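Trainee: Pasting a structure here, questions to come.
Every number here is computed from the coordinates shown, using simple stated rules; none is lab data. Note that this is a predicted model, so its numbers are computed, not measured. Cβ sites come from the backbone with ideal geometry, for glycine too, and all protein chains shown count toward neighbours.
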Amino acid sequence: MSEGYVSAPKISLNVETKSSRYDRLSAALTAFIILFGFLFSVLFLIWITSVFDFTQRMAGPIPIVNEAGNEKPKGVADDVLEPGVEEFPEIETPQLANALEAVTDSVSSVRANLEKRSGDAVLMGAGGGYGSREGGPGTGGNGVPEWQRWVINYEAEDIGIYAKQLTFFSIDIGVIHQTKNNIWRVQNLSGPIRVAESNREAENGTLRFTPEKIRLRRWDQELCKRAGVQLGSTVQAQFYPEATRAQIRVVENAALEGTGKTVADIKRTELKVVPGGSGYEFIVEDITYR
């Protein structure tokens, strides 16, 4: 190197590519703010749509036109509930008994089906049926007859408890042939099931009920199948013995004490089967007077 010139010092560059703690903390705070802001916005939208109604309202209510009028259902004795299969008009053509199950789907109720008639929707086909429309057992004098007055509610968790309730009150399931005179009584439903043969003349004075609830009907059919009874061309009904009817009368009369009313004043008695005593008992839930 020539004289008079000095060599330039070497400069080394030190570049750091790592982010500082401040940068990392700032980025984390920014991410949390954005995330919580988004969540808050979503929750706010959910809240405001649940509190305020943004649907378009109509100018006024739409009038409801009842073209059919205010006629009551054509049932028996101005029933409060919709008419059951036993209250349908008489027909001559046999039909399947299960075709009318949907009509009688009420809440845990068993309606009376003692009404005697010829060729109704419950017992259809040839023959004289059970007799005339009038009369029958348990007419109750000048009041509403028992088969039309009593509404018995069963509450059972399964078919086993239901069978115990029926067995306790000595209630049989009658399998009634629609076109013939044959009746099979399925007895002792919670124990060794027995089947006794009978006929319409022998059961002429027996109080019979048909369950309205579809589940109870299916349980009745299942119990009959367990007994080996063929259900083709038949309908099922519960046969109440006189001793059980006497228990219901006692409970009904006890509910009338202090009211100044008599059985002849009753239009409808709702009873319920509950655990009590040595097994089960009937209690009165409600009474409707005429």
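Trainee: Can you list the HN-Hα couplings for the stretch 252-260, worked out from phi with the Karplus curve (6.51, -1.76, 1.60; θ = phi - 60°), rounded to whole Hz and with x for Gly and Pro?
Mentor: In residue order, the calculated couplings are 5, 5, 5, 6, 8, 4, x, 9, x Hz.
Trainee: Express in nm, to one decimal, how much length is gained between ILE46 and ASP23 on full extension, taking 0.36 nm for each residue of separation and deducting their alpha carbon distance.
Mentor: Result for the pair: 4.8 nm of gain on full extension.
Trainee: Here's another thing I want to ask about it. For a quick check: with amide H placed at 1.01 Å from N, whose amide H comes under 5 Å from SER190's, ignoring anything fewer than 5 positions away on the same chain?
Mentor: THR167
Trainee: Moving to a separate point now. Which whole-Hz ³J(HN,Hα) couplings does the stretch 274-281 yield from phi under the Karplus relation 6.51 cos²θ - 1.76 cosθ + 1.60, θ = phi - 60°, glycine and proline marked x?
Mentor: After applying 6.51 cos²θ - 1.76 cosθ + 1.60, I find 10, x, x, x, 8, x, 9, 8 Hz.
Trainee: Compute the label zone of LYS164 within the stretch 246-290: residues whose backbone N is under 11 Å from the point 7 Å along Cα-to-Cβ.
Mentor: In the stretch 246-290, the label zone of LYS164 (backbone N under 11 Å from the point 7 Å along Cα→Cβ) covers 275-276, 279-280.
Trainee: Within 10 Å, count the other beta carbons around each residue, average over each peptide in 152-161, 34-43, and list them highest first.
Mentor: The densest-packed peptide leads the list: 152-161, 34-43.
Trainee: Turning to a different aspect of this structure: Could the peptides 22-33, 168-179, 278-289 be put in order, highest first, of the mean number of other beta-carbon atoms found within 10 Å of their residues?
Mentor: Top of the packing list down: 168-179, 278-289, 22-33.
Trainee: Let me ask something else about it. Could you work out the relative contact order of the stretch 131-290? I mean the mean sequence separation of Cα pairs under 8 Å and 6+ apart, divided by the number of residues, in percent.
Mentor: 27 percent
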